[in-house]
1. Give the lysines whose C-alpha is closer than 16 Å to that of Lys80, dropping any in the same chain fewer than 8 places away, or say none.
2. For the chain, give me the percentage of DSSP beta bridges that are antiparallel, rounded to the nearest 5 percent.
3. Treating the beta-carbon of each Lys and Arg as +1 and of each Asp and Glu as -1, no other charges, what is the dipole magnitude of the chain about its Cα centre, to the nearest 20 debye?
4. Taking N as the number of residues in the range 1-112, what is its alpha-carbon radius of gyration divided by 2.2 N^0.38 Å?
5. So how much slack lies between Asp161 and Lys22, counting 0.36 nm per residue of separation and subtracting their Cα-Cα distance, in nm?
6. Put a dot 7 Å past each Cα toward the Cβ at Asp116 and Ser254; how far apart are the dots in nm?
7. Suppose each label sits 7 Å from its Cα in the direction of the beta carbon; what would the Lys109-Gln187 distance come out to in nanometres?
8. Which value at 222 nm does the chain reach when only helices count, each DSSP H run of 4 or more adding -39,500 (n - 2.57), with the total divided by all residues and rounded to the nearest 500 deg cm²/dmol?
Amino acid sequence: MDRNDYYGGESTSLNLIQLWKKFRGNDKPPAHLGSSRDYNVDMVPKFMMANGTLVRVLIHTDVTKYLYFKAVDGSYVFNKGKVHKVPATDMEALKSPLMGIFEKRRARKFFIYVQDYDEKDPKTHEGMDLTRVSTRALIAKYGLDDNTVDFIGHALALHRDDRYLDEPALDTVKRMKLYAESLARFQGGSPYIYPLYGLGELPQAFARLSAVYGGTYMLNKPECKVEYDDEGKVCGVTSEGETARCKKVVCDPSYLPNKVRKIGKVARAIAIMSHPIPNTNDSHSVQIILPQKQLGRKSD
């Protein structure tokens, strides 16, 4: 079920006219921004790791036949007022201005440890139990400075704040390995892929696939009541006086106010830019991470 006349609920991708309607209340965007159809603006932008769980789900369900993906050209990190490429290979790490020459050697040793680490093979653990050793202690063993730790934790392991430093190191090592595997998968300049026409394509593709297997998709349903049987299990939805029977409902949280609770907020902004971002090699698609320390904040 979906409240809107387009797929994806809160995570949809909007064209320019829809975007203007949602945030400006009229459907007349400025003419100089070009054709509305050239835009697919994601309401909840998220990158997909090329070797991550979601990609495996998409391949396993065969929903990929309805989707077009593009590799993202590069991942960058903001450091001391400038944008730098996140080193994607050990060669790039050696050239990167993010670290000094001695620091690069230490970082390389740490990267090799992470690369060779295998949970099942104690020989690769160098005597450390990463389910117990904190990330801070693991990093201290390699003598890496705060600057390097910042980019490893936030641009490679993709932690949003610094709590991970006092948690077991295994999670961070796994995240770094996933980054490296994803990078290798498509030989691109980053580990990320993205649906060509925005993330709104994902629910749309699943809707098509589910239709093949007898699923029903309801767009434009602002008023919908979920019905329960005597055992408190879902048994259908009522909309505009009609009840559709079912065993399962997939919907956004606003349909089930008493089943969800709010645990946090995300701040987002959409900027339509007239120029490429400096120091990003004029790439068509990039990610730029702004680590908390660089901004004096508590999270990225």
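1. Once the sequence-local lysines are set aside, what remains near Lys80 is Lys293.
2. Details: 20 of 24 bridges.
Antiparallel: roughly 85 percent of the beta bridges in the chain.
3. Working: 45 positive and 37 negative charges, 111 e Å.
Dipole of the chain, to the nearest 20 debye: 540 debye.
4. Working: Rg = 20.4 Å, N = 112, 2.2 N^0.38 = 13.2 Å.
In units of the 2.2 N^0.38 Å rule of thumb, it is 1.55.
5. Numbers: separation 139, 0.36 × 139 = 50.04 nm, distance 3.10 nm.
In short, 46.9 nm is gained.
6. Label-label distance for Ser254 and Asp116, simple model: 5.4 nm.
7. Placing both labels 7 Å beyond Cα along the Cβ direction yields 3.3 nm.
8. Working: 9 runs with 86 residues, N = 300.
Taking each H run of at least 4 residues, the total per residue is -8500 deg cm²/dmol.
Rule-based calculations on the coordinates, nothing more; no lab input. These numbers come from a predicted model, not from an experiment. We place every Cβ from the backbone using ideal geometry, glycine too, and count neighbours over all the protein chains shown.
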